[in-house]
Every structure is written in C-alpha cells, then in structure tokens.
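Taken together, the values in this text are just the output of simple stated rules run on the coordinates, not laboratory data. Computed from a predicted model, the values in this text were never measured in an experiment. Cβ placement follows ideal geometry from the backbone for every residue including glycine, while neighbour counts extend to all protein chains displayed.
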C-alpha cells in the first residue's frame, strides 16, 4: 500500500482500510470513512478517496509526538536508581585501586 505523506481529512470516495500500526500499535487495519482524518506515516491498504491535507512536517500527529519525545528532560525513577548504582560502583572501584596501589608500593 501507499504511505500517507501528511495528515489529511477524507472527502469523497469509498471507505479506506488504513494500517496505523506504526503510530498506534494496532495490528489490524482500521476502516476510515469520508469526514474522518488519516495520519502521516499510516499505510493505505485498500481503497481510494479524495482528501485535503491539514498538516505536514512537524505539525502532523507523528511530528508532534516525535517533538514531545525529543524535548523531554524528565529523568525517571528507574534511571535515577541505575545512575546511583553506577556512581557507587565507579567510586568503589576507584577507591579499591588507590588502596591497592598504596599496598603494593
């Protein structure tokens, strides 16, 4: 099928079967009717219809989602725990090396 290059509103034609798995994770194609929207990055599996483009580039549903992920600065609890464990290990190894160097010489 053809990849939909921009967010669009469906106008006139037969219903479409759209694969939105790249965006939503749905495993089965979704039926879209005139008046509904389709998103950039989806794949048209079956049908033909006229549509008007409503968003392109970073203004699309996919573009906005990518922008949100890119700009997040929140550090999760799991990442904080892993950072603490890593820092503890690095400090322990450094102290152990210093003690061993002192004992050897």
- Could you calculate, for the range 47-105, the ratio of the Cα radius of gyration to the Kirkwood radius, expressed as Rg to Rh? 1.53
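How do 45, 32 rank when sorted from fewest to most other Cβ atoms within 10 Å of their own Cβ?
Numbers: 45 13, 32 20.
Starting with the residue having the fewest Cβ neighbours, the order is 45, 32.
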- Which angle from 0 to 90°, rounded to the nearest 10, does the C-alpha axis of helix 77-104 make with the longest principal axis of the chain? 30
- Task: Report the relative contact order of the chain, percent, no decimals, based on alpha-carbon pairs under 8 angstrom and at least 6 residues apart.
- Result: 28
- Task: Would you please give the FRET efficiency between residue 95 and residue 73, computed as 1/(1 + (r/R0)^6) with r the Cβ-Cβ distance and R0 = 41 Å, to the nearest 0.05?
- Result: 0.80
- Helix 61-71 sits off the longest principal axis of the Cα atoms of the chain, rounded to the nearest 10 on a 0 to 90 degree scale, by 10
